[in-house]
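A short write-up of the structure that comes next.
Please treat every number below as a calculation from the coordinates, not as lab data. This is a predicted model, so every value here is computed, not measured. Please note: Cβ atoms are built from the backbone with ideal geometry, for glycine as well, and neighbour counts cover all protein chains shown.
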Amino acid sequence: MRSSLVNLDDFPATKEYVYLNAASISLMPLPVLRKMNDFQEELALRGTVWFDEEVETMAMEDARNEAAKLIGAGVDEIALLSSTTEALCAIAWSLDFKRGDNVVTTDMEFPSVIYPWMRIGKEKGVEVRLAKNKEGIVEVADLEKLMDDRTRVLAISHVEYASGLRFNLKELHQLTSKHGASLVVDAIQSLGVVPVNVKNEDVDILASGSYKWLLGPFGAAILYVKRDVYEELDPPFVGWRSTEEPFEFKPTQLRYAKTAKKFEYSTTDYASKTGLAEAIKYLQRIGIKRVYDHVLKLTGNLMQSLSNLRGVKVITPREDERRAGIVTIRFEEADYMEVAKKLGDRGIIVSPRFESVRFSPHVYNTEEDMSKTSEELKKIIS
């Protein structure tokens with residue numbers, strides 16, 4: 001009998017595969033899918049008979065409330081957008097940069113964490129400084145060496161997508177506060193698996209899509225903007241939903257919403273936001289701390305077994321506080337793309353990344369999954 005943190009009937013694919021790819025796209029629980037389908041069916045069949053102005057006005061409030069509770073934020077500090085990329089671009093173009101300012105990040109970030117600042121750099125003469133990784137690892141000291149009094153932003157992933165390295169957000173805040181910079185965090189590889197409290201950890205801005213560890217759909221993302229930060233920002237994109245009363249339809253008056261809602265500028269995929277709300281509730285019923293403990297145990301055991309295989313090097317840090325749900329390995333001789341393909345042929349779904357193979361189990365995985373993965377990998381590289 002496979003022991004799991006959840007009812008595996010909610011994740012039918014687990015009966016066919018060992019799915020270790022939450023860091024790419026997580027499996028979505030059936031209750032979340034059904035919630036979204038119910039929304040779409042109601043909208044398709046009844047239109048504005050059901051989805052009138054009052055319903056549309058409140059369509060995203062469930063997700064907003066759940067997101068706020070998840071990360072310890074005020075409801076007013078949450079905007080709901082379509083993706084992490086959109087959220088990061090919105091922030092990049094809201095900040096007031098001067099020529100000669102700089103942004104610090106790393107050379108191992110997912111491209112969307114870096115590209116907005118590169119675009120700002122070309123437009124406004126802002127320097128983007130990249131801390132260089134050593135086999136997927138960047139230390140806080142490496143970031144600090146690049147920061148000075150012209151540093152406006154430290155833009156970084158809470159958990160790095162390739163190596164699985166997890167940064168201590170409080171340590172990063174200490175760096176930014178020392179230089180008067182803003183801490184902008186991509187949390188798509190941590191929200192849903194790592195407990196996060198933006199107040200305790202002094203985060204200024206945080207963004208996360210929902211289709212990875214949050215067990216949600218594409219088309220929904222959380223943008224947290226600290227109250228004293230959003231009060232000073234004007235959104236780069238504006239539309240009818242940017243305003244305090246969107247259904248007033250007053251085209252001659254632009255009055256931004258007095259909350260982070262100002263970053264929500266248009267009609268959106270409301271079904272995906274419904275799915276996000278249901279996905280967070282699903283995780284909260286389990287308990288994020290339980291999810292974290294479960295995944296940390298799985299990844300810890302997997303790291304131990306993989307490190308015993310000849311020709312395998314574990315890139316992900318071993319310390320619990322420096323990792324989350326990702327385990328990344330490299331090979332002395334085997335081709336990482338070929339290994340990932342052969343694992344897939346055996347029903348073990350992983351990602352080839354960063355000249356490595358990345359494993360990312362979640363709530364629907366078990367110790368049996370980890371054992372099978374190690375055994376099959378040993379056969380492949382022998």
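A few remarks follow.
- In sequence order, calculated HN-Hα J values of the range 354-366 (Karplus, 6.51, -1.76, 1.60; Hz; x Gly/Pro): 6, 6, 9, 10, 10, 10, 8, x, 9, 4, 8, 9, 9
- ³J(HN,Hα) computed for each position of the range 240-247 - Karplus, 6.51 cos²θ - 1.76 cosθ + 1.60, integer Hz, glycine/proline x: 4, 8, 6, 9, 5, 10, x, 8
- Counted over the range 33-285, the DSSP beta bridges are approximately 45% antiparallel.
- Cα pair distances of the range 311-382 binned at 10 Å [whole percent]: 18, 56, 24, 1
- Along each principal axis, taking the top coordinate minus the bottom one, the Cα set of the range 166-210 gives 31, 18, 15 Å in descending order.
- Extents of the range 77-149, taken as max minus min of Cα coordinates on every principal axis and listed largest first, are 34, 27, 23 Å.
- Taking 0.36 nm per residue of sequence separation and removing the Cα-Cα distance, the Leu33/Glu355 pair yields an extension gain of 112.5 nm.
- D_trans [Stokes-Einstein, Kirkwood Rh over alpha-carbon pairs] for the range 14-60, 25 °C, 0.890 mPa s, µm² s⁻¹: 187 µm²/s
- When the trypsin sites (Lys or Arg not before Pro) in the range 213-315 are filtered for DSSP coil states and for at most 13 other beta-carbon atoms within 10 Å of their beta-carbon, the remaining sites are Arg255, Lys258, Arg310.
- Ascending count of other beta-carbon atoms within 10 Å, so fewest first, for His173, His362: His173, His362
- Of the DSSP H helices in the chain, those that are both long (alpha-carbon extent of 20 Å or more along the helix axis) and hydrophobic (Kyte-Doolittle mean at least -1.0) are 30-46, 270-286, 288-307.
- Gaussian network model of the chain, springs between alpha carbon atoms under 10 Å - residue of Tyr265, Tyr224, Tyr161 with greatest fluctuation: Tyr265
- Estimated inter-spin distance, Ile25 and Ser371, nm [label 7 Å along Cα→Cβ]: 3.1 nm
- Net charge dipole, the range 33-285: roughly 440 debye, given to the nearest 20, about the Cα centre with Cβ charges of +1 for Lys and Arg and -1 for Asp and Glu.
- Residues in the range 78-111 that a label on Lys258 would reach, taking backbone N under 16 Å of a point 7 Å out along Cα→Cβ: 78
- Per DSSP, loop trypsin sites (Lys or Arg not before Pro) in the range 76-169 with at most 13 further Cβ within 10 Å: Lys98, Arg99, Lys132
- Those residues of the range 102-134 whose amide nitrogen sits under 17 Å from the label point placed on Lys313, 7 Å along Cα→Cβ: 133-134
- In this calculation the C-beta distance from His179 to Glu333 is compared with R0 = 45 Å, giving a FRET efficiency of 0.50.
- Low-density loop positions, GluC sites (Glu not before Pro), the range 275-356 - DSSP coil, at most 14 other Cβ in 10 Å: Glu319, Glu332, Glu333, Glu355
- Exposure proxy shown here: for Trp117, Trp50, Trp213, the number of other Cβ atoms within 10 Å sets the order, fewest to most, as Trp50, Trp117, Trp213.
- Full-extension gain in nm, Glu232 to Asp202, via 0.36 nm per residue minus C-alpha separation: 9.0 nm
- Amide H to amide H, with H built 1.01 Å from N, Arg353 comes under 5 Å of Arg358, counting only residues 5 or more places away or on other chains.
- The Cα atoms of the range 209-366 give a gyration tensor whose axes a ≥ b ≥ c have a/c of 1.5 or more with a/b greater than b/c, which makes the shape prolate.
- Theoretical FRET efficiency, 1/(1+(r/R0)^6), r = Cβ-Cβ of Asp149 and Thr48, R0 56 Å, to 0.05: 0.55
- Mean projected area of the Cα convex hull of the range 220-297, taken over all directions, amounts to 7.0 nm².
- Calculated P(r) of the range 1-101 - Cα pairs past 21 Å, %: 61 percent
- Fully extending the segment from Val140 to Asp345 would add 69.9 nm, taking 0.36 nm per residue of separation and subtracting the current Cα-Cα distance.
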